[in-house]
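> First the structure, then my questions, so here it is.
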């Protein structure tokens with residue numbers, strides 16, 4: 001896509017002059033792999049789950065086991081118990097609603113920045129029919145009720161149902177939100193907004209049931225940052241991890257309006273600059289001065305689980321998922337629905353994990369011929385997945401018949 005087509009008509013762009021620097025796709029991939037902890041494991045000799053998650057710009061955890069694996073595979077000697085310890089005992093991570101309103105693990109130390117930024121992201125188009133939506137006034141009542149109910153408690157969803165309806169009115173409990181095989185009460189459409197405003201996060205499970213609580217119970221003195229500096233800080237982190245990127249890429253990552261994202265980029269002024277990706281001829285933005293090519297070519301085979309941050313946040317899709325990878329590893333253009341095999345920073349296969357007792361079997365479907373070095377690294381990656389899970393792992397090469405998110 002030519003640079004002039006990256007933004008919608010009449011949308012401001014930062015630093016409109018032509019790109020002064022060029023990066024190859026290999027340069028881009030190598031920079032991202034190194035920063036994401038995928039070129040080499042992070043934290044040799046010292047566990048740093050929070051630092052690892054910060055470098056990823058959050059770990060998608062709608063399926064918590066996949067989020068744990070995303071973090072652990074980036075760490076030297078990372079274990080599932082270590083990630084869970086950082087989340088539930090040391091409280092260095094928090095499980096909450098992050099980008100796109102989806103469940104993420106975020107560093108506790110960055111929660112003020114995340115909540116300040118996410119609360120300021122404009123809502124996208126309404127997903128519910130008009131009669132099912134909360135009005136702006138009802139939304140404020142629900143968020144206030146959630147904050148009050150969780151201030152000194154950990155509540156299951158059903159307990160929070162009762163508390164919110166009691167504080168607001170029967171309308172909040174109307175079953176109008178399609179969910180799985182039934183309907184959720186009306187108020188739950190504000191669940192992720194309450195998290196973005198810093199009124200809600202996940203507590204420890206109570207048996208098989210998730211609980212919600214207030215971040216203020218977990219983080220003494222917690223308060224969201226002001227919107228403007230928080231948004232700028234979040235954009236800087238995103239560009240460091242996944243640049244070069246366009247306003248459209250950032251908007252997609254946040255599920256935000258494109259014009260709003262373009263205006264945020266434009267507000268950065270001299271803090272960002274254009275670079276051009278040689279293979280596509282398209283321009284993206286990086287932090288000012290962050291234009292050096294990678295010192296080494298991207299190398300290595302990595303197994304990334306469902307909704308890994310690298311495949312969800314990194315763009316452009318046509319270079320990250322080339323050729324058959326776009327057909328096999330994307331679902332309706334959406335990344336993350338399949339665990340992927342990353343070779344030299346580019347999606348080159350899919351894989352599937354099947355667990356049985358204390359054993360697991362990883363089937364890999366390559367989309368290109370594997371080199372001897374790839375085969376050695378695949379064996380190492382399979383062993384690392386097994387070690388993370390505390391299970392004996394074996395592998396097989398062949399077609400995978402299960403569908404997305406199976």
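> For the subset of the range 113-140 comprising residues that are over 20 Å from residue 256 (Cβ atoms) and out of contact with any strand residue (DSSP E or B) (no Cβ under 7 Å at 6 or more places or on another chain), which member is surrounded by the most Cβ atoms within 10 Å (Cβ to Cβ)? Give the derivation first.
Filtering the range 113-140 for residues over 20 Å from residue 256 (Cβ atoms) gives 129-132, 135, 137-138, 140.
Remaining after also requiring out of contact with any strand residue (DSSP E or B) (no Cβ under 7 Å at 6 or more places or on another chain): 129-131, 135, 137-138, 140.
Details: 129: 8, 130: 6, 131: 7, 135: 9, 137: 8, 138: 18, 140: 13.
By that ranking, first place goes to 138.
> Which one of 105, 69, 134 is in a loop (DSSP other than H, G, I, E, B), in contact (Cβ under 8 Å) with a residue 40 or more places away in the chain and in the same structural domain as residue 196 (by TED's automatic domain parsing)? I'd like the intermediate steps shown before the answer.
On the way: 105 fails: in a loop (DSSP other than H, G, I, E, B); 69 fails: in a loop (DSSP other than H, G, I, E, B).
Sole residue among the options that is in a loop (DSSP other than H, G, I, E, B), in contact (Cβ under 8 Å) with a residue 40 or more places away in the chain and in the same structural domain as residue 196 (by TED's automatic domain parsing): 134.
> Got a sec? Which of 357, 332, 289, 336 is at positive phi and in contact with a helix residue (DSSP H, G or I) (Cβ under 9 Å, 6 or more places away or on another chain)?
Numbers: 357 fails: in contact with a helix residue (DSSP H, G or I) (Cβ under 9 Å, 6 or more places away or on another chain); 332 fails: in contact with a helix residue (DSSP H, G or I) (Cβ under 9 Å, 6 or more places away or on another chain); 289 fails: in contact with a helix residue (DSSP H, G or I) (Cβ under 9 Å, 6 or more places away or on another chain).
One residue alone meets the criteria, 336.
> Considering only residues that are farther than 20 Å from residue 144 by Cβ and out of contact with any strand residue (DSSP E or B) (no Cβ under 7 Å at 6 or more places or on another chain), look in the range 166-181 and name the one that is surrounded by the most Cβ atoms within 10 Å (Cβ to Cβ).
178
> Further, regarding this structure: Please state which one of 157, 261, 179, 256 is out of contact with any helix residue (DSSP H, G or I) (no Cβ under 7 Å at 6 or more places or on another chain), closer than 25 Å to residue 99 by Cβ and without any contact (Cβ under 8 Å) to a residue 24 or more places away in the chain. Spell out how you get there, then give the answer.
On the way: 157 fails: without any contact (Cβ under 8 Å) to a residue 24 or more places away in the chain; 261 fails: out of contact with any helix residue (DSSP H, G or I) (no Cβ under 7 Å at 6 or more places or on another chain); 256 fails: without any contact (Cβ under 8 Å) to a residue 24 or more places away in the chain.
Of the residues listed, the single one that is out of contact with any helix residue (DSSP H, G or I) (no Cβ under 7 Å at 6 or more places or on another chain), closer than 25 Å to residue 99 by Cβ and without any contact (Cβ under 8 Å) to a residue 24 or more places away in the chain is 179.
> If you check residue 143 against the conditions, is it in a helix (DSSP H, G or I) and either within 26 Å of the chain's Cα centre (by Cα) or under 21 Å from residue 226 (Cα atoms) (or both)? Steps first, answer last, please.
Numbers: in a helix (DSSP H, G or I): yes; either within 26 Å of the chain's Cα centre (by Cα) or under 21 Å from residue 226 (Cα atoms) (or both): yes.
It is true that residue 143 is in a helix (DSSP H, G or I) and either within 26 Å of the chain's Cα centre (by Cα) or under 21 Å from residue 226 (Cα atoms) (or both).
> Next question, about the same structure. Quick check: is even one residue across the range 264-272 in contact with a helix residue (DSSP H, G or I) (Cβ under 6 Å, 6 or more places away or on another chain) and under 30 Å from residue 349 (Cβ atoms)?
no
> Give the residue, chosen from 227, 241, that is in contact with a helix residue (DSSP H, G or I) (Cβ under 6 Å, 6 or more places away or on another chain), modelled with pLDDT of 95 or more, more than 21 Å from residue 89 (Cα to Cα) and surrounded by 20 or more Cβ atoms within 10 Å (Cβ to Cβ). Working first, answer last.
Numbers: 227 fails: surrounded by 20 or more Cβ atoms within 10 Å (Cβ to Cβ).
Going through 227, 241 in turn, the sole match is 241.
> In contact with a strand residue (DSSP E or B) (Cβ under 7 Å, 6 or more places away or on another chain), closer than 18 Å to residue 319 by Cα and not assigned by TED's automatic domain parsing to the domain that holds residue 22 - does that describe any residue in the range 287-295? Spell out how you get there, then give the answer.
Step one: of the range 287-295, the residues in contact with a strand residue (DSSP E or B) (Cβ under 7 Å, 6 or more places away or on another chain) are 287-288, 291, 293.
Add one more test, that the residue is closer than 18 Å to residue 319 by Cα, and what stays is 293.
Right, trim to not assigned by TED's automatic domain parsing to the domain that holds residue 22 and you get 293.
Yes, the conditions are met somewhere in the range 287-295.
> Now for a different question. Go through the range 328-384 and tell me which strands (runs of 3 or more DSSP E), entirely inside it, have 1 or more residues that are over 24 Å from the mean Cα position of the chain (by Cα) and free of Cβ contacts under 8 Å to residues at least 60 places away in the same chain.
Working: elements: 340-343, 346-356, 359-366.
Filter on the range 328-384 gives 346-356, 359-366.
> Could you check the range 77-90 and list, in sequence order, the residues that are touching a residue at least 24 places away in the same chain (Cβ under 8 Å), over 21 Å from residue 307 (Cα atoms) and outside any helix (DSSP H, G or I)?
77, the sole residue that qualifies.
The values are calculated or read from the model by the stated rules, or taken from the named source; none is laboratory data. Bear in mind the structure is a predicted one, so any value in this text is a computation, not a measurement. All Cβ positions, even for glycine, are placed from backbone atoms using ideal geometry, and neighbour counts span all protein chains on display.
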